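Colleague: Here it is, the structure in full.
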There are 6 protein chains.
Amino acid sequence: MFIQIDNLLAVEEVQAIAEIARQVRFVDGRRSNPHNTSKVTEIADADDPLSQKASQVALAALQRNEQARNFVFPRRMAMPTLARYGVGMKYGAHTDAAFLPIGMQPLRSDVSCTLFISDPKDYEGGELNIFLGSETLSIKGKPGSAVFYPSTTVHEVAPVTSGERLVIIGFIESQIPDQMQRDLLYTLREVRALEGLKMDWRNQIQLEYVITNLQRMWSK
Amino acid sequence: MFIQIDNLLAVEEVQAIAEIARQVRFVDGRRSNPHNTSKVTEIADADDPLSQKASQVALAALQRNEQARNFVFPRRMAMPTLARYGVGMKYGAHTDAAFLPIGMQPLRSDVSCTLFISDPKDYEGGELNIFLGSETLSIKGKPGSAVFYPSTTVHEVAPVTSGERLVIIGFIESQIPDQMQRDLLYTLREVRALEGLKMDWRNQIQLEYVITNLQRMWSK
Amino acid sequence: MFIQIDNLLAVEEVQAIAEIARQVRFVDGRRSNPHNTSKVTEIADADDPLSQKASQVALAALQRNEQARNFVFPRRMAMPTLARYGVGMKYGAHTDAAFLPIGMQPLRSDVSCTLFISDPKDYEGGELNIFLGSETLSIKGKPGSAVFYPSTTVHEVAPVTSGERLVIIGFIESQIPDQMQRDLLYTLREVRALEGLKMDWRNQIQLEYVITNLQRMWSK
Amino acid sequence: MFIQIDNLLAVEEVQAIAEIARQVRFVDGRRSNPHNTSKVTEIADADDPLSQKASQVALAALQRNEQARNFVFPRRMAMPTLARYGVGMKYGAHTDAAFLPIGMQPLRSDVSCTLFISDPKDYEGGELNIFLGSETLSIKGKPGSAVFYPSTTVHEVAPVTSGERLVIIGFIESQIPDQMQRDLLYTLREVRALEGLKMDWRNQIQLEYVITNLQRMWSK
Amino acid sequence: MFIQIDNLLAVEEVQAIAEIARQVRFVDGRRSNPHNTSKVTEIADADDPLSQKASQVALAALQRNEQARNFVFPRRMAMPTLARYGVGMKYGAHTDAAFLPIGMQPLRSDVSCTLFISDPKDYEGGELNIFLGSETLSIKGKPGSAVFYPSTTVHEVAPVTSGERLVIIGFIESQIPDQMQRDLLYTLREVRALEGLKMDWRNQIQLEYVITNLQRMWSK
Amino acid sequence: MFIQIDNLLAVEEVQAIAEIARQVRFVDGRRSNPHNTSKVTEIADADDPLSQKASQVALAALQRNEQARNFVFPRRMAMPTLARYGVGMKYGAHTDAAFLPIGMQPLRSDVSCTLFISDPKDYEGGELNIFLGSETLSIKGKPGSAVFYPSTTVHEVAPVTSGERLVIIGFIESQIPDQMQRDLLYTLREVRALEGLKMDWRNQIQLEYVITNLQRMWSK
């Protein structure tokens, strides 16, 4: 399942990150995937304090957003990374790695997210294309918006043909790794949030009984 | 989980089965479990047409009861059996067999049920005791009532010390063999039955989405 | 996962079904879902021999198509149904039922399919919209093409605003009910089909070892 | 499954906790579940050193009890809490939360336990009622005894109608979260403990083979 | 897991099948796997009544053997096939097909078996080699013996370098498809068979409780 | 599955450990399994710095070996232990413990390994026998070699009848605890390593899609 959330970053945060992007040192994006010749992009150098500041702003925004938390059931999150796609840059079709070597214990990437910094009017190409068999979802979000999608999908960033595409990318380990289970539990909790208070209290308890036990069963 | 349903058999059906019990040929209940020395009871001879009639009445009652169907998710049911516990008879602690050799394909017993024919005022002892670790549920139902319980439990029929205990026993293979999953799905469908029509139609669809997919996932 | 297959029906088959649609008796589509007020469509009367002929043509086409078989791992298929959406007709957002009452044993619907008879140029609206959280796949296939999608999704047929939309709908029980597992196995078998003969024979055997064991593990 | 263990707390420990209850600062029990209007009880203030002492005594008793360890397969335990139910107090039907926000990683509550401090002769009402569908287990333990039950159940504390009910409540994450698997493994290990040494050594090894592999399979 | 059973076929049955092998019509073994160039063997023509007689003898022997039934938990069995490996014949490394197209519903092959007809002194080569990573089990059974092994393994028949190797091969669908689960349940039932009667009756019931519930859980 | 890896320890490392074995303090091997009367062996005293040095050499060798890493998917490893079997010593049939009490969180032993220090020509008996039902794998490795096998198996060290058997034993928790799943993923990654670069890039991506998602699904 997919969710686009508008204004996950406030306008000032988008501007701050865009400003950082003008000053930060960028390095070859292949640094993190040296063998992937289809990855032609630049990422902010993690050693540059400006890069770290952009990541911190994005991380805080991701953590404070209630809709994102409800949808993702986050357990751990990798430090988000600022990426730049200039003209001709792209990231060919790929699956995100199952595990990222972070800290003491590798982080399993269950949900990936892209935070859009550039305005889609300011660049051509650069769509995030998610392949679902013969069908394709094509996403180009507004500045400050974020899209969350299963790390399990094959997806690409199409070549940028004009302008510049700035995004921040994140990888999240979920308490509920199976995407169908995660979506069913998210949906049931949304139903409770919207309808629960109108229900007879006995039915509220019964619904709570189902939700807490699905959460126990499916968390890993 | 456990459910007692009153009046699963109509008064006339209870009387008809009690009348059959006075005439039918009973045989040693160990016929179906020859090695179980703790089983001291009698069952109506399956070859006696009277026995078959009692079974048919019980089967029809089990199949027409909506609450039972909702709780059990029945796929197949063994032919119910009329059993008689006279004074001193009992069925020691045991687990119901996992599979019964019925027809072409063995029937997995997921849910067991007891239909009470005798009035509990007319016999002493004879409780259906279901052991849950250090705790015990002790059940002695009204004539015409039925209790459904997981075949997975250890349970006994306590010795009858006076009067006569007539019951019909049944074994059911469920579409949802795991008892926790079966109970969660039953509960969620009860919530829908009681609250669904009051909900915004979008939330009804979302709840339906969860229910149909849990049913797909959990049926075996 | 989703797959669109062109020319699943031959041109003559499309014409034959379109001709049947002009003569067959149509009945209210709600006959199969009486409580669904959002279903406003017509289905060919299953008692009309012409209806049965259309279903047979579609069934044969579905069964002979190798790509469909590889993608779906079909075990059983419900008889396909010819449906007609005139102006104003629609089928609101819904999930397909988990089980259809067919024959001795209910059929679990794992994969749904729509075979397109009408030319999309001949009607407006009538898109098959599949909801994936905040994103939507919108499909309007060429005559003779088919789309296969998980029965687990919420989807709708948008209102037809001009012309007529004729489709045949089908529900399939898969040997591999979990859609992620089904897609991984389909993908791995496609890789073998395309690359297997070029491999060292030892690696072919190893790949076969993985495929046969995944198929054993995941079939239900 | 359920287990009641007598004398989990020694007589002096019960007395020490009862003495603490006379002096410690109690706060509204809803502090930990602010939205639960059916929770009308008091808990010892976690910031009061006396409260911490009571918790420590209970924790040590829980950790040293072999029968409890065998039954629960504990991995982590939340700090136990002293609770007081005066006249009119109660805790309406509820399910325990799936996760408690403790330390770096939330604690999944698989097994709940109640340690009884007050003598049941000294208060009326206040039963711990555990609902199992239409049946109810009703528990009112002796001072120093403890009852362990799956956190997955709906349960309540009935209103106290006279006297005072003092208990300590605990939540435990088990190595074997599924309650049926946990009970099967517990039972098989009990059989080994009681019968193993009488067995032929080859059969001891075979039984050990089953036990260690079930433990590997089912631990999460 | 692996089991060799001696004298699964009686001496007269071995002789009868050997006699049939002298008269029956053999056809290219690739008939059942046309694309497998590493399969160089002959199988008795299923249309020849003599072939059917050999299969019937083997089938009856497999069905009556209690040790085999206990080990395999058979649900369905494909008709066994008489195969002949003359000098130079072999069956290269392969995995048995996951499903065999038999009757209305494909048969999943969980357990494979080889019944040995020829005396190992009468042929050289022709070992059944089962590959377990870097290790190999090499089996050449006595006349009338049978070996049962998981269909999941990669295995081969080594080239026969002198004499003739006659075997009967069978494929069995098990009630417990997972080989580890099947072996644990087999082992636990063996322990009960050897030690159960010596146990306290309460422990017998507890052991039975574990066994029946594992069987319910793991059967598919 | 099983894998023997030659030269996991370099010649000098083998010599260094053999030298340590001549000087280190050995203690009764039952120290770690006090109740196991069939364990008659000696282990290097973990408190002796020489013992620790031998363990460190072995640990480093295990961690640097790529083939071992690919096969085992290691998450954590217990400190390896130097063991000595003199004449008459042995370790009777047993299963390795499911969990070892190491650090804050018990280590689940999924894969066991034996590193051979002594030359098999220098001792008689002392085979590592792994029992697979009626079949046995019997392993006696070259100096510096290692064998990895599932901790789930019953195995023994046969009595040493002459000479001395020095080995280092290790227990590893795997990211993929189920041995069948671990082997399928290992095999598929081997196929990719050997054939991937020859494939069409689209098929490489598809294969990667399968591998990363199996790894997500199966890791625990």
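The values are calculated or read from the model by the stated rules, or taken from the named source; none is laboratory data. These figures come from a predicted structure and were not determined experimentally. Note that each Cβ is placed from the backbone with ideal geometry, even for glycine, and that neighbours are counted across all protein chains shown. Heavy atoms of the whole protein, side chains included, go into the accessibility calculation; ligands, DNA and RNA do not. Shrake-Rupley method; radii C 1.70, N 1.55, O 1.52, S 1.80 Å.
Colleague: For a test of the definition: using alpha carbon positions, the gyration tensor, and the 1.5 limit on a/c, classify region D:1-142 as rounded, prolate or oblate.
Modeller: Details: a/c = 1.07, a/b = 1.01, b/c = 1.06.
Taking the square roots of the gyration eigenvalues as a ≥ b ≥ c, region D:1-142 is rounded.
Colleague: Tell me the accessible surface of E:K142 in square angstrom (1.4 angstrom probe, heavy atoms of protein chains only), to the nearest ten.
Modeller: The value for E:K142 is about 110 Å².
Colleague: Sticking with this structure for a sec: Rounding to the nearest 20 debye, state how big the charge dipole of chain D is about its Cα centre with +1 on each Lys and Arg Cβ and -1 on each Asp and Glu Cβ.
Modeller: Details: 24 positive and 26 negative charges, 101 e Å.
Once rounded to the nearest 20, the dipole reads 480 debye.
Colleague: Given the whole protein assembly as supplied and a 1.4 Å probe, what does the accessible area of A:F171 come to in Å², nearest 10?
Modeller: 50
Colleague: Here's something else I'd like to know. Simple spin-label model, 7 Å along Cα-to-Cβ: F:K142 to D:T136 in nm?
Modeller: Label at F:K142, label at D:T136, 7.5 nm between them.
Colleague: Please list the helices of chain C that count as membrane-span-like by this rule: a mean Kyte-Doolittle hydropathy of at least -0.5 together with Cα atoms stretching 15 Å or more along the helix axis, each helix being a complete DSSP H run.
Modeller: Working: long enough: C:11-23 (19 Å, 0.06); C:49-64 (22 Å, 0.04); C:179-195 (24 Å, -0.58); C:201-218 (26 Å, -0.62).
Once both thresholds are applied, what remains is C:11-23, C:49-64.
Colleague: Taking beta carbons within 10 Å but only from partner chains, what does the mean come to for residues C:142-152? Don't jump to the answer; show the numbers that get you there.
Modeller: On the way: counts 0, 0, 0, 0, 0, 3, 2, 3, 3, 3, 8.
Counting Cβ atoms of other protein chains within 10 Å of each residue's Cβ and averaging gives 2.
Colleague: Which ³J(HN,Hα) values, rounded to whole Hz and listed in residue order, are derived for region D:123-133 from phi using the Karplus coefficients 6.51, -1.76 and 1.60 in 6.51 cos²θ - 1.76 cosθ + 1.60 with θ = phi - 60°, glycine and proline given as x?
Modeller: Once θ is set to phi - 60°, the couplings for region D:123-133 become 8, 10, x, x, 5, 7, 9, 10, 8, 10, x Hz.
Colleague: For chain C, what does the helix formula give at 222 nm: sum of -39500 (n - 2.57) over DSSP H segments with n ≥ 4, over the residue count, nearest 500 deg cm²/dmol? Walk me through the numbers on the way to the answer.
Modeller: On the way: 5 runs with 71 residues, N = 220.
Theoretical 222 nm ellipticity from helices: -10500 deg cm²/dmol.
Colleague: For a quick check, take a GNM of chain A with Cα springs below 10 Å and name the residue from A:M89, A:M180, A:M79 with the largest mean-square fluctuation.
Modeller: Answer for the Gaussian network model of chain A: A:M180.
Colleague: Then there is this: From the label point of C:T37, set 7 Å from Cα along Cα→Cβ, how far away are the matching label points in the other copies, in nm, ordered shortest to longest?
Modeller: Ordered by increasing distance: 3.0, 6.2, 6.8, 6.8, 7.9 nm.
Colleague: Mind checking which lysines have their Cα closer than 29 Å to the Cα of E:K140? Skip sequence neighbours fewer than 8 apart in that chain.
Modeller: E:K39, E:K53, E:K90, E:K121, F:K121, F:K140, F:K142
Colleague: Then there's this: What FRET efficiency comes out for the pair B:R64/C:I102, r = Cβ-Cβ distance, R0 = 25 Å, nearest 0.05? List each step's numbers first, then the result.
Modeller: Values: r = 22 Å, r/R0 = 0.88.
Efficiency at R0 = 25 Å is approximately 0.70.
Colleague: Please go through region F:58-128 and write out the chymotrypsin sites (Phe, Trp or Tyr not before Pro) that DSSP classes as loop and that have at most 12 other C-beta atoms within 10 Å.
Modeller: Values: sites: F:F71, F:Y85, F:Y91, F:F99, F:F116, F:Y123; in loops: none.
Here no chymotrypsin sites (Phe, Trp or Tyr not before Pro) fit, given the DSSP loop and packing criteria.
Colleague: Taking the Cβ-Cβ separation of D:D6 and F:R76 as r and a Förster radius of 41 Å, what is the calculated FRET efficiency to the nearest 0.05?
Modeller: 0.55
Colleague: Where nothing but the Cβ of Lys and Arg (+1) and of Asp and Glu (-1) is charged, how large is the charge dipole of the protein assembly as shown around its Cα centre, in debye to the nearest 20?
Modeller: Details: 144 positive and 156 negative charges, 1 e Å.
Here the size comes out at about 0 debye.
Colleague: Please find the FRET efficiency linking B:Q56 to D:K198, where r is the Cβ-Cβ separation and R0 is fixed at 41 Å, and quote it to the nearest 0.05. Write out the running numbers ahead of the final one.
Modeller: On the way: r = 49 Å, r/R0 = 1.19.
Step by step, r from the Cβ atoms, then E = 0.25.
Colleague: Assuming a ≥ b ≥ c are the square roots of the Cα gyration tensor eigenvalues, decide whether region C:72-198 counts as rounded (a/c under 1.5), prolate (otherwise, with a/b larger than b/c) or oblate.
Modeller: prolate
Colleague: Shifting gears a bit: If amide hydrogens are placed 1.01 Å from N in the peptide plane, which non-local residues have theirs closer than 5 Å to the one on E:Q175?
Modeller: E:R75
Colleague: Further question: Which value, in Å² and to the nearest 10, is the accessible area of D:W218 when all protein chains are kept and the probe is 1.4 Å?
Modeller: Counting only protein heavy atoms, the figure is 10 Å².
Colleague: Under the classification rounded if a/c is under 1.5, otherwise prolate if a/b is larger than b/c and oblate if not, where does the protein assembly as shown fall, given a ≥ b ≥ c as square roots of the Cα gyration tensor eigenvalues? Write out the running numbers ahead of the final one.
Modeller: Working: a/c = 1.07, a/b = 1.00, b/c = 1.07.
Rounded, since a/c falls under 1.5.
Colleague: Per the Kirkwood definition applied to all pairs of different Cα atoms, how many angstroms is the hydrodynamic radius of region F:125-175?
Modeller: Values: mean 1/r = 0.0810 Å⁻¹.
Across region F:125-175, the inverse of the average 1/r is 12.3 Å.
Colleague: A further question follows. Mind listing the phi-derived Karplus ³J(HN,Hα) values for region E:73-89, rounded to whole Hz, using 6.51, -1.76 and 1.60 with θ = phi - 60°, and x for any glycine or proline?
Modeller: 3J(HN,Hα) across region E:73-89, in whole Hz: 6, x, 10, 9, 9, 6, 4, x, 10, 7, 10, 10, 10, x, 4, x, 7.
Colleague: Something else: Treating only the Cβ of Lys, Arg, Asp and Glu as charged (+1, +1, -1, -1), what charge dipole size does region B:139-220 show about its Cα centre? Round to the nearest 20 debye. Walk me through the intermediate numbers first.
Modeller: Details: 10 positive and 9 negative charges, 24 e Å.
It comes to approximately 120 debye.
Colleague: Rank by packing, highest mean first: peptides B:200-206, A:161-167, with packing defined as the count of other Cβ atoms within 10 Å averaged across residues. Numbers along the way, then the final one.
Modeller: Details: B:200-206: 16.9, A:161-167: 19.1.
Answer by packing, highest mean first, reads A:161-167, B:200-206.
Colleague: Distances in nm, one decimal, shortest first, from F:P106 to the same residue in every other copy, taking the label point 7 angstrom along Cα→Cβ.
Modeller: Nearest first, the other copies' label points are 2.5, 2.5, 3.2, 4.1, 4.1 nm away.
Colleague: Of F:T153, A:T81, which has the most accessible area and how do the rest follow, probe 1.4 Å?
Modeller: Details: F:T153 10, A:T81 40 Å².
From most exposed to least exposed: A:T81, F:T153.
Colleague: Which cross-chain or sequence-distant (5 or more) residues have an amide H under 5 Å from the amide H of B:I3, H modelled 1.01 Å from N in plane?
Modeller: Result for B:I3 returns B:F148, D:S134.
Colleague: Using a Gaussian network model of chain D with C-alpha springs under 10 Å, which one of D:L132, D:L194, D:L50 is most mobile by mean-square fluctuation?
Modeller: Highest fluctuation among the options: D:L194.
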